[in-house]
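The values are calculated or read from the model by the stated rules, or taken from the named source; none is laboratory data. If you're wondering where the values come from, they're calculated on a predicted model, not measured in any experiment. When we count neighbours, we look across all protein chains shown, and the Cβ atoms used for this are built from the backbone with ideal geometry, even at glycine. The area values use the complete protein model at the heavy-atom level, side chains included, leaving out ligands, DNA and RNA. Shrake-Rupley method; radii C 1.70, N 1.55, O 1.52, S 1.80 Å.
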Amino acid sequence: MTENVITAYAAPTANAPLERTTVPRREVGPRDIVIDIKYAGICHSDIHQAKDEWGGAIFPMVPGHEIAGVVAEVGSEVTRHAVGDRVGVGCMVDSCRECENCRAGLEQHCTGNPGTVMTYNGRHHDGTPTYGGYATQVVVDQDFALRIPESLSLDVAAPLLCAGVTVYSPLSRYGAGPGKRVAVVGLGGLGHMAVQIAHAMGAEVTVLSQSLRKKEDGLKLGADEYRATSDATTFKELAGSFDLIVNTVSADLDLDAYLGLLRAGGTMVQVGAPEKPVSLSVFSLLGGGKSMAGSMIGGIPETQEMLDFCAEHGIGSKIELIEAKDVNEAYERVLAGDVRFRFVIDNATI
Ligand code: NAP
Ligand code: ZN
Ligand code: ZN
């Protein structure tokens, strides 16, 4: 048995920059497909994990869970995809398939053993590490590859595989639509997708950003209003006005202040995943009978639904395409808030 290797950009340890290297490529099983990766988005979660901010990281780590590419090879039993198909891979590459959540299409919440296999920084069911999208190829089970509709070009589609579905899922679950007022906190990779999707769903959308620096872009993306959270009058004037708040911020925020912006019965959904525990006063929830919720990516059926929705509404990510060698600089720029709105690696440069 020959072991295939692929070229990739990997973090050797938590404190070192990513470097060009090779990693083993998984054997192609009968139900697997080989994808030539064309583009890989840089999600803030890649940075959290490459720096081991969430703990338990596996090194060397090839990040990347916003993958768009073309099928290069299929296993003998593959029926869902053919060579040449345009496909995407998000945050997961396998799960148990049998537990209640897997059967409901919520593979991200698999309770089986072993459970959800994350695209990188995880382990396959045989214990070998998974490697992500900053690489020339990836091998995945056919059930965990999504169809990318023809009308979406692969570069702007890549970020939909994580950022897109992560915001589509709670917007859809909590009924963003006509007559609903939705606030999106943070206009980064997730936030700029949330604005476009909530707008396309028919909701009235307000961006709550640290400053008015990106206001023009936010309005172009479909926001009806754009307010700075550094301005205390924002919290006074908008008190009690939203049905739904989607918080995409990667850092700790004064959650009580944001809960004050909800109408009675409203919900604030946390999708940002800061390194440290967050705190809030329960009284911010009691008055007004408000809810605080969390949401993690979306299942495979919902990810396909989101891709089809985005294609139907002409929604893609607004990207800055980079060469793979510039990935460390891109990380620094994400941390500095200097990105509009997603860095995407051109994998041909790996
Ligand atoms: P991003 O592009 O860096 O966007 C985050 C935005 O948050 C920034 O653009 C900024 O927006 C705002 N922000 C950053 N630091 C802030 C601070 N100190 N105070 C207030 N606002 C701040 O990151 P992303 O890729 O969208 O990811 C956002 C978070 O979601 C990360 O924690 C990531 O790990 C997490 N995530 C979660 C899931 C999930 O399934 N739940 C999936 C993907 C990502 P403004 O400049 O507009 O203020
Ligand atoms: Zn992500
Ligand atoms: Zn399961």
Got a number for residues in region 104-118 being away from ligand 2 (no atom under 16 Å from the Cβ) and in contact with a strand residue (DSSP E or B) (Cβ under 9 Å, 6 or more places away or on another chain)?
2
Filtered residues of region 11-39 (kept if surrounded by fewer than 24 Cβ atoms within 10 Å (Cβ to Cβ), under 30 Å from P277 (Cα atoms), small (G, A, S) and touching a residue at least 24 places away in the same chain (Cβ under 8 Å))
A14
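Given the criterion in the same structural domain as I37 (by TED's automatic domain parsing), open to solvent by less than 40 Å² (accessible area, probe 1.4 Å) and polar (S, T, N, Q), identify the matching residue among T111, T128, T116. Walk me through how you get there before you give the answer.
Details: T111 fails: open to solvent by less than 40 Å² (accessible area, probe 1.4 Å); T128 fails: open to solvent by less than 40 Å² (accessible area, probe 1.4 Å).
After applying the criteria, what remains is T116.
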Conditions (1) open to solvent by 10 Å² or more (accessible area, probe 1.4 Å); (2) under 14 Å from I300 (Cα atoms); (3) within 14 Å of ligand 3 (Cβ to nearest atom); (4) not charged (D, E, K, R) -> H65 fails only (3)
Just a yes or no: is a residue in region 83-94 in a loop (DSSP other than H, G, I, E, B), at pLDDT 95 or above and within 14 Å of ligand 2 (Cβ to nearest atom)?
yes
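Can you tell me which of I58, I42, I47 is out of contact with any Gly (no Cβ under 7 Å at 6 or more places or on another chain), surrounded by fewer than 18 Cβ atoms within 10 Å (Cβ to Cβ) and of a type in the set (A, V, I, L, M, F, W, C)?
Working: I42 fails: surrounded by fewer than 18 Cβ atoms within 10 Å (Cβ to Cβ); I47 fails: surrounded by fewer than 18 Cβ atoms within 10 Å (Cβ to Cβ).
On inspection, the qualifying residue turns out to be I58.
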Selection from region 250-259 of residues under 14 Å from L280 (Cβ atoms), out of contact with any Lys or Arg (no Cβ under 7 Å at 6 or more places or on another chain) and touching a residue at least 12 places away in the same chain (Cβ under 8 Å) yields L253, L255, D256, A257, Y258
Against the conditions (1) within 16 Å of ligand 2 (Cβ to nearest atom); (2) within 11 Å of V246 (Cβ to Cβ), where does V195 fall short? Just the number, please.
(1)
Residue match in region 240-250 (condition: surrounded by fewer than 19 Cβ atoms within 10 Å (Cβ to Cβ) and modelled with pLDDT of 95 or more)
yes
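What are the residues in region 146-202 that are of a type in the set (F, W, Y) and crowded, with 24+ Cβ neighbours inside 10 Å, if any? Outline the logic, then answer.
Here is the first cut: in region 146-202, the residues of a type in the set (F, W, Y) are 168, 174.
Y168, the sole residue that qualifies.
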